[in-house]
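The values are calculated or read from the model by the stated rules, or taken from the named source; none is laboratory data. Values in this document were obtained by computation on a predicted structure and should not be read as measured data. For neighbour counting, all protein chains shown are included, and Cβ atoms are generated from backbone atoms with ideal geometry for every residue, glycine included. Each accessible area value is taken on the protein alone, full model and side chains, heavy atoms only, with ligands, DNA and RNA left out. Shrake-Rupley method; radii C 1.70, N 1.55, O 1.52, S 1.80 Å.
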Amino acid sequence: MTFPITRLRRLRKNPILRRMVSETNVTTNDLVMPLFAFEGKNIKNPINSMPGNYQMSVDLIVEECKKLVDKGINSVLLFGIPDHKDEHGLSAADENAIIPQTIRAIKKEVNNIFIIADICNCEYTTHGHCGTIVNNDVDNDLTLETLAKQSLAFAYAGVDMVAPSDMMDGRVGRIRMELDNNGFEYLPIMAYSAKYASGFYGPFRDAAQSAPQFGDRRSYQMNPANSDEAMREIELDIEEGADIIMVKPALSYLDVIRRAKDTFNIPVAAYNVSGEFAMVKAAAEKGWIDEERVIMEILTSIKRAGSDIIITYHAKDIAKYL
Ligand code: PBG
């Protein structure tokens, strides 16, 4: 039926009707808030390029988690900034390392929260790469061992889900095996499956003090030009036991999110990364965009593209608009 019988504008006039026919709705259930844990007490270091985000000591992270839960944000993704680093990133797996400490403290004091921990070595290595260096490059198979240890340590501390973000081949399978062999068969893995070597991680690396000290991450993270390869990465991660797969960053990769959703029958997460967050904040600060409106549009687009879960630094702010 064409014009004048059909007039698509009919459903756009009334705001209640507009909401009823809205195809995509972002809710607080979809959102995960990343947090940066720092050694010490009563510490809250602002992250300059990520306004409203802080490196926080464990005591303050616990308080922050309580506030998030009050606002309806029931899931956090933890990153750790250790007080000492080593060549392999092994310190991450100590039972008293920053993330195990943080997990135990949150679990003890906060109800109704789901804790996800990022699994990677870059915050813990002296050189800032995501694994053990051999001949100037990250050695895949040696790195699998530190990732497995880290995952198990976080599991013992009580984490609810692990999220490997290192992009080594075979890490999901190796971590799955480690968890299963130690009685954690029901601990889910959310794999950063299609993680691109992106310029959008800059602010995060300041926050996590994890910038590589030489070279870059292009020998392990994906080339932004590739989407077929993303499907192969996802397929392999699913075969190795991933329960949720992730595309990261989100906004320049909405096509990859959609393709993943159409290709695989598995929950899809998207990471709305630090650089994407920083651009919105900077433009809003200058008064060039309407912050709330743009954030909602961005989150809606990520969901519309096919993402079930959105990891976003906007989670805390946006909870009040939802
Ligand atoms: C660790 C990791 C990174 C991010 C999440 N996990 C940084 C990187 O790969 O350099 C980036 C998150 C963001 O930019 O918000 N490997």
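Looking only at the range 86-98, decide whether some residue is farther than 20 Å from ALA207 by Cα, over 22 Å from the mean Cα position of the chain (by Cα), part of a strand (DSSP E or B) and touching a residue at least 12 places away in the same chain (Cβ under 8 Å). No, the conditions are met nowhere in the range 86-98.
Scanning the range 262-278 for residues that are open to solvent by 10 Å² or more (accessible area, probe 1.4 Å) and away from the ligand (no atom under 16 Å from the Cβ) turns up ASP262, THR263, PHE264, ASN265, ILE266, PRO267. With a requirement of 2 or more residues that are within 27 Å of GLU87 (Cβ to Cβ) and within 11 Å of the ligand (Cβ to nearest atom), the strands (runs of 3 or more DSSP E) lying completely within the range 155-261 that satisfy it span 161-164, 190-195. Pick from the range 99-116 the residues that are assigned to a loop (DSSP other than H, G, I, E, B) and among the β-branched types (Val, Ile, Thr): which of them is surrounded by the fewest Cβ atoms within 10 Å (Cβ to Cβ)? Looking at residues that are assigned to a loop (DSSP other than H, G, I, E, B) and among the β-branched types (Val, Ile, Thr), I get ILE113.
Residue pairs whose Cβ atoms lie under 8 Å apart, separated by 6 or more positions or on different chains, with the first residue in the range 265-291 and over 17 Å from THR312 (Cβ atoms) and the second part of a loop (DSSP other than H, G, I, E, B) and at pLDDT 95 or above, are ILE266/ALA242; ILE266/ASP243; GLU285/PRO51. For the structure I just gave you, tell me whether GLY40 is in a loop (DSSP other than H, G, I, E, B), open to solvent by 20 Å² or more (accessible area, probe 1.4 Å), over 14 Å from PHE114 (Cβ atoms) and in contact with a helix residue (DSSP H, G or I) (Cβ under 8 Å, 6 or more places away or on another chain). Spelling it out, it is not the case that GLY40 is in a loop (DSSP other than H, G, I, E, B), open to solvent by 20 Å² or more (accessible area, probe 1.4 Å), over 14 Å from PHE114 (Cβ atoms) and in contact with a helix residue (DSSP H, G or I) (Cβ under 8 Å, 6 or more places away or on another chain). Restricting GLY128, GLY89, GLY72 to those that are within 16 Å of the ligand (Cβ to nearest atom) and over 21 Å from ARG174 (Cα atoms) reduces the list to GLY128.
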